[in-house]
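> Before anything else, here's the structure in question.
The values are calculated or read from the model by the stated rules, or taken from the named source; none is laboratory data. Keep in mind that what you see is a predicted model, and the values were worked out from it rather than measured. When we count neighbours, we look across all protein chains shown, and the Cβ atoms used for this are built from the backbone with ideal geometry, even at glycine.
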Amino acid sequence: MTAGRSKGWPAVRRQGRKWLQIAAYIAPAVVLYAVFIIVPVVQAIHYSFYSWNGLEPLTDFVGLGNYREAFGDPAFRQAMQHNGILVALSLGLQLPLALGVALLVNRPMRGRSLFRLIFFVPYVLSEAITAIVFLQILQPDGLVDQTLKSVGLGGIVQLWLADLGLVFYTLFVVITWKYIGFAIILFLAGLQGIPQELNEAAAIDGATSWTTLRYITVPLLGPTIRIWAFLAIIGSIQLFDLVWIMTLGGPAGASSTMATYMVDQGVNSLRLGYATSVAVILFSICFVFSILYQIFVLRRDVAGGTSRMAG
Amino acid sequence: MKRWTLIAVATGVVACAAVLGVSSAGLAAPSGTKSKKAVTLVWWHNANQGAGKALWDQVAKEFHAAHPDVTVKPVPFQNEVLQNTRIPIALASNKPPDVFQNWGGGSLVDQVKANKVQDLTKYVKPWIKTIGGSAAGWQVNGKQYAIPYSVGVVGFWYNKELFAKAGITSTPKTWPQLIAAINKLKAADITPIAVGGKDRWPDAFYWDYLATKLCSKTTMQQSAVTYNFKDPCWLKAGVYVQQLLNLKPFQDGFLATPAQQGATSSAGLVANGKAAMELQGHWNPGVMQPLTPDNKIPGFLGWFPFPNVPGSKALPGSLLGGGDGFSCSWKAPMPACAQFLAYVDSPSVQRRIGSTSFGLPVRKGTESSVTDPNLKAVLAARSGSPFIQLYLDIAFSRAIGQALDNATADQFAGKATPAQVVAKIAAAAKKK
């Protein structure tokens, strides 16, 4: 017994040491994460139950009142709808467009790197710069209007940013211009990873280029597309800078997003409790979506990787 | 094990020490001053360029020269950043600036309620009369919580040449005359009015002004206290706005036009002769100046007050206006802070505010320092007015003021009727 104990203790001690070691190594990261992520999130949830202007102490507890107001406010519902449309348009239009361009510039041809560069440049610009440049271009009688008029298309000139039915789609075009380069670069990288032998084998079997695209390229590009879609959806839900600079979410809320609505209520109206509840809603949507996407869509791409350590 | 414990403890201590270090550094600074009397006034203001910035830097130096134990540190900010973000956050923190820009009205009421500003009444009593009625906009329950240094009124900045071209011989004095002028300008193929619809508050000027011209003084004064909008004059204000909108007097795409940025802003359109007039505050020449090709205030620029509405309950000549002031935060050392505000309103400083066209001085007897002919006209209107209503979005508590701006912008976009505008403002008032 004594012998057994004397053998067991060092093992336990080693175990203890190991955990201490782990704790010491991860402590800085955990502390940082807690202080800058967890605590603010919990605080935000706390604030969201109060009516609060930021000056007086937190005393006016309203329970779920802020949440009820948000979901009941037509302006917020309109903003949510805009985010939804943006998600749909990103997946429905940007995906085929980016894929098409990626396939084009993936072919061996003269000036290929130049084209890649050109498509990627907008992504390097900050959203603020993009917004200001397009503000100038889209002014009434600005570059876009002048160009259309000079080629005899004056008839389709619109009030791009002032037309309530059009402004959101104008913004979508600017967003696409800015972010399409990122999708193209991702897809190009994905295409590089498809073994050439597969295409050759398909060609020998007499597959048309369309069949090759449908049954080889797209399925093998799947993981890349799924990652891009994840980033595009999260980006669409959180869209703020570009809209704020170009339209402030207007006119009359025609180009609002959840984030512009939140800033309008929080910073401009100083309804900080209410705006925080909007922030919590925005956070929850992103969070739940991320988790579900990880579980149902991305899992097969990372199987054996980070999600299942035991393999 | 000992070693690991030591490391863990050390890590913890280092981490905690870092936090302690930060906080103690923050705490040590104020107490580490040389003598007991020496104080520093950190001063947040919105004059971030030009004559205003130079003047405030000079004023800080002069005050220190006269009061060697008080050091004034001016910190300029861009106006909207200061008003919307910096001040609210700083007031919620433990380290607010000592002196900060204050626009009066509903935000000041909220600051007083939360004990964020100091009562200046006893300090300013000996001299506050020298700025006359201007002081009223910065009082809450009869007590002075901030001091204005410049007060102006909103009016039409117009292009004399375009008016002449359209055959308008004298500036409109009444609402029907304004309508007639708009029609004449349209007939001459001139854009009558530029408005910065993107920013929303310029839309609200029309609604605010028509309310000021339609409602009695009592109704107006009670509105910011009771938030009762049952008097029919509020609805009427929106009806008159609608009458104006139906004339389509604004530039193409006015819903997306910013008020102040670039040559295609509403101020830029007037400054470059692309539109005949704009309803704006006394600051407008300063906004226009950098937007013209030669960086000069255009020579054709003139000013006239908002026309009266005949047969209304309002006193003729009632105006919409507002201004800039300063207040002392709860942390500011007294009486140094109050003395500093007194210096800002001293004749010497007030005259320089006028002579540099930085603002419209409030101290009686310094009006003659204003030499710019347009600002003289603004000042004359201010002096002759029986009642100056503070811009309603400032007069109201922030959330209600913003709801007003949004509601009028909705009406300008064709998304709200006059009745809905009143209903939206009243609904925002109920939320408080």
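> Considering every residue within region B:119-134, establish whether at least one is within 14 Å of another protein chain (Cβ to nearest Cβ) and surrounded by fewer than 21 Cβ atoms within 10 Å (Cβ to Cβ).
Pass one, region B:119-134, residues within 14 Å of another protein chain (Cβ to nearest Cβ): none.
Within region B:119-134, not a single residue is within 14 Å of another protein chain (Cβ to nearest Cβ) and surrounded by fewer than 21 Cβ atoms within 10 Å (Cβ to Cβ).
> Restricting region B:203-236 to residues that are touching an Asp or Glu at 6+ places or on another chain (Cβ under 8 Å) and assigned to a helix (DSSP H, G or I), which is modelled with the lowest pLDDT?
Result: B:219.
> If residue A:241 satisfies all but one of (1) under 21 Å from residue A:121 (Cα atoms); (2) buried (at least 21 other Cβ atoms within 10 Å of the Cβ), what's the number of the condition it fails?
All conditions pass for residue A:241, except number (2).
> Condition test on residue B:322, is it farther than 28 Å from residue B:252 by Cβ, modelled with pLDDT under 95, assigned to a loop (DSSP other than H, G, I, E, B) and not aliphatic (A, V, I, L, M)? Explain how you work it out, then say what you get.
Working: farther than 28 Å from residue B:252 by Cβ: yes; modelled with pLDDT under 95: yes; assigned to a loop (DSSP other than H, G, I, E, B): no; not aliphatic (A, V, I, L, M): yes.
No, not satisfied.
> Separate question: Looking at (1) modelled with pLDDT of 95 or more; (2) within 14 Å of another protein chain (Cβ to nearest Cβ); (3) over 16 Å from residue B:151 (Cβ atoms), find the lone condition where residue B:270 falls short.
If we test residue B:270 against (1) modelled with pLDDT of 95 or more; (2) within 14 Å of another protein chain (Cβ to nearest Cβ); (3) over 16 Å from residue B:151 (Cβ atoms), just (2) comes out false.
> Only residues that are assigned to a strand (DSSP E or B) and over 17 Å from residue B:261 (Cα atoms): list them for region B:278-315, please. Give the derivation first.
Start the filter on region B:278-315 by keeping residues that are assigned to a strand (DSSP E or B), which leaves B:278-280, B:301-305, B:308.
Correct list: B:301, B:302, B:303, B:304, B:305, B:308.
> Given the conditions (1) in contact (Cβ under 8 Å) with a residue 12 or more places away in the chain; (2) in a loop (DSSP other than H, G, I, E, B), report the number of the one that residue A:199 does not fulfil.
Answer for residue A:199: the failing condition is (2).
> Still on this structure, please answer the following. Mind checking whether some residue in region A:145-157 is at the interface with chain B (Cβ under 8 Å from one of its Cβ atoms), under 29 Å from residue A:182 (Cβ atoms), surrounded by 15 or more Cβ atoms within 10 Å (Cβ to Cβ) and over 27 Å from the mean Cα position of the chain (by Cα)? I'd like the intermediate steps shown before the answer.
Pass one, region A:145-157, residues at the interface with chain B (Cβ under 8 Å from one of its Cβ atoms): none.
No, region A:145-157 contains no residue that is at the interface with chain B (Cβ under 8 Å from one of its Cβ atoms), under 29 Å from residue A:182 (Cβ atoms), surrounded by 15 or more Cβ atoms within 10 Å (Cβ to Cβ) and over 27 Å from the mean Cα position of the chain (by Cα).
> A further question on this structure: So, in region A:42-57, of the ones that are closer than 19 Å to residue A:265 by Cα and more than 14 Å from chain B (Cβ to nearest Cβ), which residue ends up surrounded by the most Cβ atoms within 10 Å (Cβ to Cβ)?
The extreme case among them is A:48.
Yes/no per residue for (1) farther than 21 Å from residue B:279 by Cβ; (2) within 9 Å of chain A (Cβ to nearest Cβ):
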site	(1), (2)
B:363	yes, no
B:379	no, no
B:393	no, no
B:408	no, no
B:416	no, yes
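> Further question: Can you tell me which residue within region B:241-260, out of those that are in contact with a Gly (Cβ under 9 Å, 6 or more places away or on another chain) and within 9 Å of chain A (Cβ to nearest Cβ), is nearest to residue B:288 (Cα to Cα)?
From region B:241-260, those in contact with a Gly (Cβ under 9 Å, 6 or more places away or on another chain) are B:245, B:250, B:253-260; that's our starting set.
Right, trim to within 9 Å of chain A (Cβ to nearest Cβ) and you get B:253-258.
Details: B:253: 20, B:254: 18, B:255: 20, B:256: 19, B:257: 15, B:258: 13 Å.
Restricting to residues being in contact with a Gly (Cβ under 9 Å, 6 or more places away or on another chain) and within 9 Å of chain A (Cβ to nearest Cβ), the top hit is B:258.
> Does region B:184-202 include one or more residues that are within 14 Å of chain A (Cβ to nearest Cβ), assigned to a helix (DSSP H, G or I) and aromatic (Phe, Trp, Tyr)?
The answer is yes; a qualifying residue exists.
> Can you list residue pairs whose Cβ atoms sit under 6 Å apart, with the first residue in region B:288-315 being modelled with pLDDT of 95 or more and the second being in a loop (DSSP other than H, G, I, E, B) and hydroxyl-bearing (Ser, Thr, Tyr)? Count only pairs 6 or more apart in sequence or on different chains.
If the second residue must be in a loop (DSSP other than H, G, I, E, B) and hydroxyl-bearing (Ser, Thr, Tyr), the pairs left are B:304/B:171.
> Scan A:56, A:127, A:69 and give me the residue that is among the acidic types (Asp, Glu) and under 24 Å from the mean Cα position of the chain (by Cα). Spell out how you get there, then give the answer.
Working: A:56 fails: under 24 Å from the mean Cα position of the chain (by Cα); A:69 fails: under 24 Å from the mean Cα position of the chain (by Cα).
Checking each option against the conditions leaves just A:127.
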